[in-house]
Amino acid sequence: MARRDTPEINAGSMADIAFLLLIFFLVTTTMDIDAGISRRLPEKQPDTVEPPIIKKRNIFEISINRNDDLLIEDEYRTVDEVKQLAIDFIDNGGGLGNAIALFGEDEGKEGTECTWCEGKKDESSSDHPNKAIISIKTDRSTTYGIYIIVQNEVSAALTFLRNRLAKKEYGQTYTEMVKEDKNNKINPDQSLKDKIKKIKVMYPEIITEQNN
Amino acid sequence: MSKFKKNKKGLPPINTASLPDIVFMLLFFFMVATTMRETSVLVKNDLPNATEIKKLSEKRLTSTIYVGPPISSPEGVTDAGDLIQLNDKIASVKDVRNFIYMAREGVPSEEQGAMTTLIKSDINSTVGTISDIKKELREINALKVTYATRQGSDKK
């Protein structure tokens with residue numbers, strides 16, 4: 001008996017099947033990665049805890065009313081001014097800060113002056129970046145949009161200061177350092193992590209919020 | 001003469017054998033690069049823009065709360081207030097607690113500290129609603145919060 005060749009399988013419809021699957025995945029999936037402004041909420045305090053007494057000059061007060069108007073340090077301001085005002089406030093360095101008890105040398109010592117600040121050293125503004133508190137007060141009917149803009153501007157002010165400090169200390173901006181650290185997921189670079197931590201301690205992010 | 005006639009016999013059919021391969025390649029790309037759409041959003045959700053943003057890479061450790069005005073408000077009502085959406089349902093602030101507890105259940109305890117609540121709020125919703133949610137989150141010690149935004153700047 002003569003051996004017959006098996007007939008060739010028709011693969012013409014293979015493309016159709018693949019297209020069908022492709023379209024299914026195009027429709028049911030999304031590509032966007034969620035991103036946003038990260039904040040840490042304060043821990044819940046028992047009712048008996050007395051609020052600490054803080055000097056008024058160490059508080060930078062941003063109030064947003066129900067018409068989305070901004071009042072910063074009792075003056076009417078616009079959104080564009082927030083960043084510069086926040087930079088001036090945090091970077092003022094007019095007095096002694098809290099003791100930094102993180103990197104050995106300063107441990108247990110009294111508070112020191114801010115040697116890395118480039119501000120005006122104004123007596124009526126903040127003492128030290130680690131004492132400078134940014135307070136955001138909002139009304140219940142304040143729009144979320146303006147609230148996010150203000151939060152973003154405050155973050156931008158801090159990023160600016162951290163970048164400037166990191167550039168001076170390590171010749172690399174803070175943003176670049178964080179990015180590099182993210183890329184080093186497999187072999188983390190401990191010295192880089194310490195540098196980032198140090199910058200964060202030198203310009204900490206202290207924000208309080210109040211909603212009426 | 002016959003030499004030229006031979007060439008006019010018509011074009012040979014294009015070989016489409018590699019077409020499935022190309023399509024499969026595309027298919028695999030999309031399967032790898034995208035994630036399944038989990039919920040359909042029932043509220044208006046026009047996110048604000050911001051520049052100082054951080055990406056949330058761990059989808060597993062993120063629980064999303066949508067906030068925004070209803071897509072179609074009942075007739076005659078112009079300002080119906082903000083709605084809160086948890087999973088696929090419209091819920092109230094009180095349900096946020098259970099929602100976070102449920103989310104915690106599926107996560108091993110050593111990773112629970114890294115869990116983030118992503119608040120996806122419409123640009124026109126009010127801070128009052130957001131602050132109610134944040135109060136609830138504080139009560140149950142879910143302190144990491146991210147306000148979802150898009151990349152860009154929209155200063156007025």
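The values are calculated or read from the model by the stated rules, or taken from the named source; none is laboratory data. Since the structure is predicted, the reported quantities are computational estimates derived from the model, not experimental observations. Please note: Cβ atoms are built from the backbone with ideal geometry, for glycine as well, and neighbour counts cover all protein chains shown.
Key figures
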read-out: The range A:1-29 residues that are in a helix (DSSP H, G or I), paired with ones that are of a type in the set (F, W, Y) and modelled with pLDDT of 80 or more (beta carbon under 9 Å, 6 or more apart); value: A:M14/B:F24; A:A18/B:F24; A:L21/B:F24; A:L22/B:F24; A:L22/B:F30; A:F25/B:F30; A:L26/B:F30
read-out: Among the residues listed as A:E105, A:E123, A:E110, the single one being in contact with a helix residue (DSSP H, G or I) (Cβ under 9 Å, 6 or more places away or on another chain) and modelled with pLDDT under 90; value: A:E123
read-out: The listed residue being more than 9 Å from chain A (Cβ to nearest Cβ) and under 16 Å from A:Y144 (Cβ atoms), out of B:I84, B:I100, B:I90, B:I123; value: B:I84
read-out: Output for the range A:30-43, where each listed residue is surrounded by 12 or more Cβ atoms within 10 Å (Cβ to Cβ) and either without any contact (Cβ under 8 Å) to a residue 24 or more places away in the chain or on the phi > 0 side of the Ramachandran plot (or both); value: A:D34, A:A35, A:G36, A:S38, A:L41
read-out: Pairs, first closer than 21 Å to A:V178 by Cα in the range A:197-212, second among the hydroxyl-bearing types (S, T, Y), C-beta under 6 Å, six or more apart; value: A:I199/A:Y174
read-out: Top-ranked residue in the range B:80-103 [being surrounded by 15 or more Cβ atoms within 10 Å (Cβ to Cβ) and without any contact (Cβ under 8 Å) to a residue 12 or more places away in the chain; ranked as farthest from the chain's Cα centre (by Cα)]; value: B:D95
read-out: Subset of the range B:29-62 that is small (G, A, S) and either more than 11 Å from chain A (Cβ to nearest Cβ) or surrounded by fewer than 18 Cβ atoms within 10 Å (Cβ to Cβ) (or both) - its residue that is nearest to B:L143 (Cα to Cα); value: B:S57
read-out: Per-region count, the range A:155-173, residues free of Cβ contacts under 8 Å to residues at least 12 places away in the same chain, within 14 Å of another protein chain (Cβ to nearest Cβ) and either aliphatic (A, V, I, L, M) or not in a loop (DSSP other than H, G, I, E, B) (or both); value: 0
read-out: Unmet criterion (only one of (1) surrounded by 10 or more Cβ atoms within 10 Å (Cβ to Cβ); (2) free of Cβ contacts under 8 Å to residues at least 40 places away in the same chain) for A:N65; value: (2)
read-out: Count of residues meeting criterion [crowded, with 18+ Cβ neighbours inside 10 Å and assigned to a loop (DSSP other than H, G, I, E, B)] in the range B:63-76; value: 1
read-out: Condition met for B:I123 (among the β-branched types (V, I, T) and either part of a helix (DSSP H, G or I) or within 24 Å of A:P46 (Cβ to Cβ) (or both)); value: no
read-out: Qualifying residue in the range A:174-193 (condition: in contact (Cβ under 8 Å) with a residue 60 or more places away in the chain and assigned to a helix (DSSP H, G or I)); value: no
read-out: Strands (runs of 3 or more DSSP E) wholly inside the range A:45-154 that include at least 1 residues being under 25 Å from B:I53 (Cα atoms) and of a type in the set (A, V, I, L, M); value: A:59-64, A:70-72, A:133-138
read-out: Of all residues in the range B:106-120 being in a loop (DSSP other than H, G, I, E, B) and either over 22 Å from the mean Cα position of the chain (by Cα) or within 14 Å of chain A (Cβ to nearest Cβ) (or both), the one that is nearest to B:L47 (Cα to Cα); value: B:M115
read-out: Per-region count, the range B:130-155, residues among the hydroxyl-bearing types (S, T, Y), facing chain A (nearest Cβ under 8 Å) and more than 16 Å from the chain's Cα centre (by Cα); value: 1
read-out: Test set (1) under 21 Å from A:R40 (Cβ atoms); (2) in contact with a Pro (Cβ under 8 Å, 6 or more places away or on another chain) - A:Y174 fails condition number; value: (2)
